[in-house]
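The values are calculated or read from the model by the stated rules, or taken from the named source; none is laboratory data. It should be emphasised that the depicted structure is a prediction, and the values quoted were computed from it without experimental measurement. Every residue, glycine as well, gets a Cβ built from its backbone with ideal geometry; the counts of neighbours run over all protein chains shown.
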Amino acid sequence: MSVEKLNPPTVHAPGGPYSQGVSIRGPGRTLYLAGQIGVAPDGALADGFEAQAAQCWRNVVAILEADGMSVQHLVKVNTYLTDIADAVRLGPVREQFLAGARPASTLVATPALVRPEWLVEIEAIAFKPD
């Protein structure tokens, strides 16, 4: 088994001591994606909920692609919202990126994320058989 840390240049640099993704290779590859926020590769925070959610998904897709995967390989997605009212606006943004993929999913409303300007965070796990 091998473990590879992924921090592709197409995603913002980690904001702390973590990797954007961790790929484990054996009979298949499991990729664990760190929570993605609405920050672009240049460090700019997207303006508003939908823009932040879309940037989260762009980051997820970029990390998947860095390991030769796509959204079709997602097996689990956890989404954290600071305002549960945004849940109705999340679905259309999510579907733009999932293209029919239906990973197991959890949606959590939380009073806050690490920074007050962050409105949504998405973490995921993907698997690709070898």
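Of all the criteria given as (1) among the aliphatic types (A, V, I, L, M); (2) modelled with pLDDT of 95 or more; (3) surrounded by 13 or more Cβ atoms within 10 Å (Cβ to Cβ), the one not satisfied by residue 85 is (3). In segment 55-78, the residues that are more than 15 Å from residue 41 (Cα to Cα) and in contact (Cβ under 8 Å) with a residue 24 or more places away in the chain form no Cβ pair under 6 Å with any partner that is in a helix (DSSP H, G or I) and of a type outside the set (A, V, I, L, M), whether six or more places apart or across chains. When residue 123 is tested against (1) at pLDDT 95 or above; (2) of a type in the set (D, E, K, R); (3) surrounded by fewer than 15 Cβ atoms within 10 Å (Cβ to Cβ), only condition (3) is not met. Being among the small types (Gly, Ala, Ser) and in contact (Cβ under 8 Å) with a residue 12 or more places away in the chain is the filter; apply it to segment 25-47 and report the residue that is surrounded by the most Cβ atoms within 10 Å (Cβ to Cβ). The residue in question is 38. Taken over segment 11-40, the residue count meeting the criterion of being touching an Asp or Glu at 6+ places or on another chain (Cβ under 9 Å), modelled with pLDDT of 95 or more and part of a loop (DSSP other than H, G, I, E, B) is 2. Whenever a residue of segment 98-123 is closer than 17 Å to residue 76 by Cβ, its partners that are assigned to a loop (DSSP other than H, G, I, E, B) and not charged (D, E, K, R), lying with C-beta atoms within less than 6 angstrom and at least six residues away or across chains, give the pairs 121/37; 121/113. Every test in (1) crowded, with 16+ Cβ neighbours inside 10 Å; (2) among the hydroxyl-bearing types (Ser, Thr, Tyr); (3) under 14 Å from the mean Cα position of the chain (by Cα); (4) over 23 Å from residue 10 (Cβ atoms) is passed by residue 105 save one, and that test is (1). When 77, 71, 22 are checked against the criterion of being surrounded by fewer than 19 Cβ atoms within 10 Å (Cβ to Cβ) and closer than 26 Å to residue 100 by Cα, a single residue qualifies: 22. Among residues of segment 1-16 that are free of Cβ contacts under 8 Å to residues at least 60 places away in the same chain and more than 9 Å from residue 66 (Cβ to Cβ), those with a Cβ under 8 angstrom from a residue that is outside any strand (DSSP E or B) and acidic (Asp, Glu), sequence gap 6+ or separate chain, pair up as 12/42.
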